[in-house]
Amino acid sequence: QVQLVESGGGLVQPGGSLRLSCAASGFTFSAYAMSWYRQAPGKERELVAYISNTGSSTNYADSAKGRFTISRDNAKNTVTLQMDSLKPEDTAVYFCYVRRPPWGAYWGQGTQVTVSS
């Protein structure tokens, strides 16, 4: 059974940092690319960052470039999102995501990030 469990969200002031983690289980983690998405109130879920299965390739939404860093530890089955220079517009629920064709796509339960003074 695939499980993705996010942690690390919280309340932070503008300009601050947070580190989100996603613990994965139930599949061969090192075989699949992983992504972080976010969804703000009243908005569609959007891709924030992507990392290939080996970690050699990453991609970021324009809004995240230069501020967020995605990484993974295949020995620990975890993917992290380091978020620096946070802005109020980064406020959202952040989700861990994996697509495993042909079996399907899986989401974590999400972790709330609130950036406010």
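The values are calculated or read from the model by the stated rules, or taken from the named source; none is laboratory data. Predicted, not measured: the structure shown is a model, and the values here were computed from it. Counting neighbours? That spans all protein chains shown, and the Cβs are built from the backbone with ideal geometry, glycine included. Protein only, heavy atoms only, side chains kept; ligands, DNA and RNA dropped before computing areas. Shrake-Rupley method; radii C 1.70, N 1.55, O 1.52, S 1.80 Å.
Of ARG19, ARG38, the residue with the largest accessible area leads and the full order is ARG19, ARG38 (1.4 Å probe). Mean sequence separation of contacting Cα pairs (under 8 Å, at least six apart), scaled by the length of the chain, corresponds to a relative contact order of 35 percent. Only lysines eight or more places from LYS87 in sequence, or on another chain, were considered; those with a Cα closer than 20 Å are LYS43, LYS65. Considering only the Cα atoms of the chain, their convex hull presents on average a projected area of 6.9 nm². Simple point charges give the picture: +1 on the Cβ of Lys and Arg, -1 on the Cβ of Asp and Glu, and for the chain a dipole about the Cα centre of about 180 debye. Assign one of three labels to the range 61-117, namely rounded, prolate or oblate, based on the Cα gyration tensor with a ≥ b ≥ c the square roots of its eigenvalues; rounded applies when a/c is under 1.5, prolate when it is not and a/b is larger than b/c, and oblate otherwise. Prolate shape, in that a/c is at least 1.5 and a/b is the bigger ratio. Using the Cβ of GLU6 as centre and a radius below 13 Å, the other residues enclosed give a net charge of +2, where K and R count +1 and D and E count -1.
Shape class of the range 27-67 from the Cα gyration tensor (axes a ≥ b ≥ c, square roots of the eigenvalues): oblate, since a/c reaches 1.5 or more and a/b does not exceed b/c.
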